[in-house]
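Below is one structure, written out as structure tokens, with a few remarks after it.
Readers should treat all values here as calculations from the given coordinates under stated rules, not as data from a laboratory. Fair warning: this is a prediction, and the values are worked out from it, not measured in the lab. Cβ: placed from backbone, ideal geometry, glycine included. Neighbour counts: every protein chain shown.
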Amino acid sequence: MTNAIPLKRGLGSSAAAAVAGVALAHLVAGRRFEVLDLLRLAAAIEGHPDNAAAAVLGGVALVFEAEGRAQAVGLPVPRNLGVVVFVPERDLPTEEARRVLPKAVPLADAVFNLSRPALWAVALLANRLDLLRVATEDRLHQPARQGLVPELGPLVRTALEAGALGACLSGAGPSVIAFVDTRTDAGDRVAAAWAEAARRLDFPGRVLRPAIRRQGVAAEVRSGRAR
């Protein structure tokens, strides 16, 4: 199995590997896989369903728990939504990033963050991408992880100044993701601005421009080999 997603960078590589492994096991066994079953099996390996849901469904996934079981629904992704990702050379193990999270948070911060998924849904469903600047704000995990990724603040500000719709830490970090309107040259401007900022901050890394995969997990067999 080949995993092209950079490891320990907050990009969901372990969840993608878990989903691929479970799907491959079904394929080898000659069994069809149901989406929610695949999600739950991969989530059991990963420890949580968040990244597994995105790998299973593709695009943007909303994850929730009902009747004690992980559930997920996909949200439509506007065709003009693109992403730019800064991937640092240094890694950040997820366990280390989780250790710095607070055990309790102020009620005001919890309420602040609870409104952000709703904003994401409106932004995608109504193609109100201007809302992503506010939707990507956070008071729960990014402030706690700022000490592990001190370059986060400058990179987010740089992306916004270069025309990004919104920017934030990718997963647990240390990668940073920016959202752009592909009908403009914002993606090019963010990529160039990040390259310059990384040199200024002495924060080696690379800028990626991955396409948003709207299709979920799929398996096919070619010449007797599974892909």
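Helical content alone sets the calculated 222 nm signal of the chain at -12500 deg cm²/dmol, taking -39,500 (n - 2.57) per DSSP H segment of four or more residues and averaging over every residue. The length gained by stretching the chain between ASP188 and SER115 to full extension, at 0.36 nm per residue less their Cα-Cα distance, is 23.2 nm.
Across the chain, the relative contact order, built from alpha-carbon pairs under 8 Å that are at least six residues apart, equals 25 percent.
Shape analysis of region 98-165 places it in the oblate category; the axes a ≥ b ≥ c from the Cα gyration tensor give an a/c of at least 1.5, with a/b not above b/c. Taking region 13-75 on its own, what percent of its Cα-Cα pair distances exceed 19 Å? Counting every Cα pair in region 13-75, those more than 19 Å apart make up 23 percent.
Against the main long axis of the alpha-carbon atoms of the chain, helix 152-161 sits at an angle near 80°.
Could you state the angle between the C-alpha long axis of helix 13-28 and the longest principal axis of the C-alpha atoms of the chain, as a value from 0 to 90 degrees rounded to the nearest 10? Helix 13-28 sits roughly 10 degrees off the main axis of the chain.
When only the Cβ of Lys, Arg, Asp and Glu is charged (+1, +1, -1, -1), the dipole of the chain relative to its Cα centre reaches about 460 debye. Shape analysis of the chain based on the Cα gyration tensor places the equivalent ellipsoid semi-axes at 29, 21, 19 Å, largest first. Think of the chain as having a plus end and a minus end, set by charges on the Cβ of Lys, Arg, Asp and Glu; of PHE33, VAL100, ILE177, PHE33 sits farthest toward the positive end of this dipole.
Within region 54-99, the ratio Rg/Rh, alpha carbon atoms throughout and Rh by Kirkwood, equals 1.09. Does region 81-208 come out rounded, prolate or oblate, given a ≥ b ≥ c as the square roots of the eigenvalues of its C-alpha gyration tensor, rounded meaning a/c under 1.5 and, failing that, prolate meaning a/b above b/c? Taking the square roots of the gyration eigenvalues as a ≥ b ≥ c, region 81-208 is oblate. Taking Cα atoms only, the orientation of helix 186-201 departs from the longest principal axis of the chain by about 70 degrees. A simple rule links phi to the HN-Hα coupling: the Karplus curve 6.51 cos²θ - 1.76 cosθ + 1.60 with θ = phi - 60°, which for region 102-109 gives x, 6, 9, 10, x, 4, 4, 5 Hz, with x for Gly and Pro. Our estimate of slack between ALA66 and ARG79, defined as 0.36 nm per intervening residue step minus the Cα-Cα distance, is 1.6 nm.
The listed peptides 65-71, 75-81, 43-49, ordered by packing as a protection proxy, come out as 43-49, 75-81, 65-71 (highest mean of other Cβ atoms within 10 Å first). About the centre of its Cα atoms, region 49-172 shows a dipole size close to 180 debye [charges on the beta carbon of Lys, Arg (+1) and Asp, Glu (-1) only; nearest 20 debye].
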